[in-house]
Amino acid sequence: MREATLRVFRGETAPGKTTEYRVPLAPGMVVLDALHYIQGHLAPDLAVRWNCKAGKCGSCSAEVNGRPRLTCKTRMDSLALDQPVTILPMKSFPLIKDLVTDVSWNFRINKRIPPFQPRPDAEWKIDQRDVDRVQEFRKCIECFLCQNVCHVLREHDKKEEFAGPRFFVRVAGLEMHPMDSASR
């Protein structure tokens, strides 16, 4: 049976360290499957956040070989397996443990954005083009990978001055709504 080596970040504080694990490969396996194998057979205390395993919740976000990825959608056979696959937590957010980071800052920012406020005289009939235009902005699964790679947040830690790309998208979706009256 083929195997892959995963080099997984372990620790509760920086700098932490990476630990290597050998994982048997199966057809269709994704990185999250490999992490579950490690949890189930090699390191039951490995902290990994996940929920749906379908690319809908965004909770399994991590850096795989230095790139922001959803571990549930990153297929093992798409990675170079002749060298260890490195899995690190998102760097823009405080570390909780292993691959789990504290993304609560994003939820605090989201609460500060004024919600949808319909015009008092709004006719509740919307043209399909307006629905399509706004819908694109609502597809975000809030994995916060865009926030993680934003250099203003990641390298300069300007979280108090800049909300990041995720919230530009949210505000744009609200601003484009034909019945919204709030100015953001």
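Here are the numbers:
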| read-out | value |
| --- | --- |
| Sole exception among (1) surrounded by fewer than 21 Cβ atoms within 10 Å (Cβ to Cβ); (2) over 25 Å from residue 28 (Cβ atoms) for residue 90, by number | (1) |
| Sole exception among (1) surrounded by fewer than 16 Cβ atoms within 10 Å (Cβ to Cβ); (2) modelled with pLDDT of 95 or more for residue 12, by number | (2) |
| Scan of the range 28-62 for residues that are open to solvent by 60 Å² or more (accessible area, probe 1.4 Å) and either touching a helix residue (DSSP H, G or I) at 6+ places or on another chain (Cβ under 8 Å) or part of a strand (DSSP E or B) (or both), ordered by number | 50, 53 |
| Count - residues of the range 6-27 that are assigned to a strand (DSSP E or B), of a type in the set (Val, Ile, Thr) and either out of contact with any Phe, Trp or Tyr (no Cβ under 7 Å at 6 or more places or on another chain) or not assigned by the TED database to the domain that holds residue 70 (or both) | 1 |
| The one condition in (1) touching a residue at least 40 places away in the same chain (Cβ under 8 Å); (2) open to solvent by less than 60 Å² (accessible area, probe 1.4 Å); (3) among the hydrophobic types (A, V, I, L, M, F, W, C); (4) at negative phi that residue 124 fails to fulfil | (2) |
| Single unsatisfied condition, residue 111 versus (1) among the basic types (Lys, Arg); (2) open to solvent by 60 Å² or more (accessible area, probe 1.4 Å); (3) in contact (Cβ under 8 Å) with a residue 24 or more places away in the chain | (3) |
| Yes/no for residue 149 being open to solvent by less than 40 Å² (accessible area, probe 1.4 Å) and of a type outside the set (Asp, Glu) | no |
| Any pair with Cβ under 9 angstrom, 6 or more apart, that starts in the range 39-53 at a residue that is in the same structural domain as residue 7 (by the TED database) and ends at one that is of a type in the set (A, V, I, L, M, F, W, C) and at pLDDT below 95 | 50/57; 51/57 |
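The values are calculated or read from the model by the stated rules, or taken from the named source; none is laboratory data. As the structure is a computational prediction, the values presented were derived from the model and not from experiment. A quick note on method: Cβ atoms are made from the backbone with ideal geometry, for glycine too, and the neighbour counts reach across all protein chains shown. Remember, those area values only see protein heavy atoms, side chains included, never the ligands or the DNA or RNA. Shrake-Rupley method; radii C 1.70, N 1.55, O 1.52, S 1.80 Å.
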